[in-house]
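Structure record follows, encoded as structure tokens.
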Amino acid sequence: MTADRAPGWQLTSAYTAAVVAGVVLLALGVLGGRADLALIGVPGLLAAAWARAGRPGPGPDGEDAEPRGSLQEPEGSATAGELTATLRVVPGAADVVHLRIGAAGHRTTEVALRATQPTQPTQPTHEATARDVALRLSSVRTGPQDTFAIDLRGSLHTTWEQEPVQVDGTRRLVLPAAAPLGRLPLPQRLRGLTGPHSSRRLGDGAELRDIHPFTPGDRLRRIDWRTTARRSPDLDTLYVRRTYATAEATAVLVVDSRDDVGPDLHTWRGYGTLRVDEPTSLDLARHAAASVARALVEGGDRVGLEDLARRRRPLPPASGRRHLRRVVHGLALAHPKDRASVHRVRPPQVPADAVVYLFTTVLDDEPLHLVRTWRTKGHPVVVIDTLPDVHPVTENHLRIAWRIARLEREDRLAALTGEGVPVVRWAGSERDQATIRFETLARAAERHVPGRTGTP
């Protein structure tokens with residue numbers, strides 16, 4: 001049997017069962033003198049002999065026409081929600097191709113494809129037409145994700161079967177989506193010579209500061225002729241309209257990617273599989289940071305990115321759509337590492353007069369140290385809480401451990417709130433209230449009241 005086996009093909013158990021049944025029935029018929037019983041075993045032997053003679057032959061290239069498959073995936077990064085691909089199956093000499101399609105965190109799907117024989121007379125009869133199978137993978141997870149794992153096996157006349165062939169998809173980078181946000185809190189001091197916001201220094205802008213007598217250096221187009229005619233009919237003194245200069249804000253997004261925990265406490269120890277329909281803390285951090293970055297860039301401000309788990313050079317603040325794509329790509333690459341290797345002696349450096357958005361789970365004291373250091377240097381800080389809603393557990397030891405961790409975390413959040421640090425929750429139903437929360441913070445952090453003097 002081994003000598004007659006074509007390379008890559010082997011006889012199935014159906015062939016063995018037909019041969020054994022035929023031989024047994026034929027022997028019993030001969031020994032017992034039962035011709036009818038012997039005749040029942042003859043068709044099984046004839047069918048096995050016919051199937052054995054029809055083993056798969058070589059293809060046009062001289063090799064056995066074995067079924068094969070190739071996975072065609074879109075180029076570039078994917079967006080959160082769905083991953084698509086197309087599996088092209090060439091049945092070869094097989095009349096049925098069995099597929100087992102799986103992915104991490106998803107149920108395995110089995111499909112049987114019947115080969116479609118060619119309609120062109122010039123095409124070899126043992127070569128079936130290739131078939132395309134559309135694949136779709138739904139997931140709320142972001143970052144580097146494993147896609148499809150496919151096992152392909154062909155069969156011929158239920159007698160010959162191919163050894164399984166594995167077709168794996170590439171590891172794809174899923175970019176986080178951005179939710180629309182309104183106004184965001186900005187720093188008290190603005191930098192730059194132009195921008196979408198009015199600063200507290202004199203210059204070209206649209207917001208009126210005061211009416212002042214003309215001095216050397218004032219532009220002639222700033223003269224207010226109506227005020228001049230009313231205050232100085234003889235035109236002894238000219239009056240100009242002085243405005244606040246426009247400037248841009250600088251924000252730094254700091255992602256605490258040291259933790260990546262899900263709603264299930266059983267997976268916090270590194271065991272088990274995270275569900276694909278439940279975002280983890282890092283997924284929430286990527287989504288929140290992408291939303292804040294999009295709102296700032298669309299408002300004309302500058303945005304930088306810092307990852308606490310990576311020691312590479314941070315992404316410096318900049319503006320524009322192209323820079324926004326770099327920020328989103330950097331967020332997708334954020335992933336946790338060994339805590340011992342990412343301990344920071346000093347917090348990340350932040351540009352002067354920049355607002356810091358810290359995305360963290362607040363599961364340890366490190367965020368408090370960072371926030372207090374930045375506030376000591378005069379940087380306003382907004383903390384975005386990215387811990388997902390934890391599911392209740394029945395195990396007593398897990399319930400006690402989570403209760404202790406939750407109380408410690410609540411003490412840290414209360415300490416931040418007591419020190420005047422705003423905390424925005426970004427999980428569950430509270431995520432929908434983030435826009436209102438940011439709007440409230442933006443109003444509370446108004447830089448100045450029109451007409452009030454101040455230094456830039």
**Study point:** Selected residue (only one of Thr227, Thr267 is without any contact (Cβ under 8 Å) to a residue 12 or more places away in the chain and not aromatic (Phe, Trp, Tyr))
**Key:** Thr267
Exercise for review: Give me a count of the residues in the stretch 183-202 that are at pLDDT below 85, open to solvent by 30 Å² or more (accessible area, probe 1.4 Å) and touching a Phe, Trp or Tyr at 6+ places or on another chain (Cβ under 8 Å).
Suggested key: 3
Check your understanding: When only residues in the stretch 147-175 that are open to solvent by less than 20 Å² (accessible area, probe 1.4 Å) and of a type in the set (A, V, I, L, M) count, which is farthest from Leu284 (Cα to Cα)?
Key -> Leu156
Point to revise | Test: residue in the stretch 281-301 that is open to solvent by less than 60 Å² (accessible area, probe 1.4 Å), aliphatic (A, V, I, L, M) and in a loop (DSSP other than H, G, I, E, B) | key: no
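Would you call Thr109 modelled with pLDDT under 65 and either among the β-branched types (Val, Ile, Thr) or in contact with a helix residue (DSSP H, G or I) (Cβ under 7 Å, 6 or more places away or on another chain) (or both)?
Working: modelled with pLDDT under 65: no; either among the β-branched types (Val, Ile, Thr) or in contact with a helix residue (DSSP H, G or I) (Cβ under 7 Å, 6 or more places away or on another chain) (or both): yes.
Taking the combined requirement at face value, the residue does not satisfy it.
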Check your understanding: Filter the stretch 147-183 for residues that are part of a loop (DSSP other than H, G, I, E, B) and in contact with a Lys or Arg (Cβ under 6 Å, 6 or more places away or on another chain); which is farthest from Trp426 (Cα to Cα)?
Key -> Pro164
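The values are calculated or read from the model by the stated rules, or taken from the named source; none is laboratory data. Note that the structure is predicted; figures quoted are calculated from it, not measured. Here the Cβ is made from the backbone with ideal geometry for all residues, glycine too, and neighbour counts use every protein chain on show. For accessibility, only protein heavy atoms count, side chains too; no ligands or nucleic acids. Shrake-Rupley method; radii C 1.70, N 1.55, O 1.52, S 1.80 Å.
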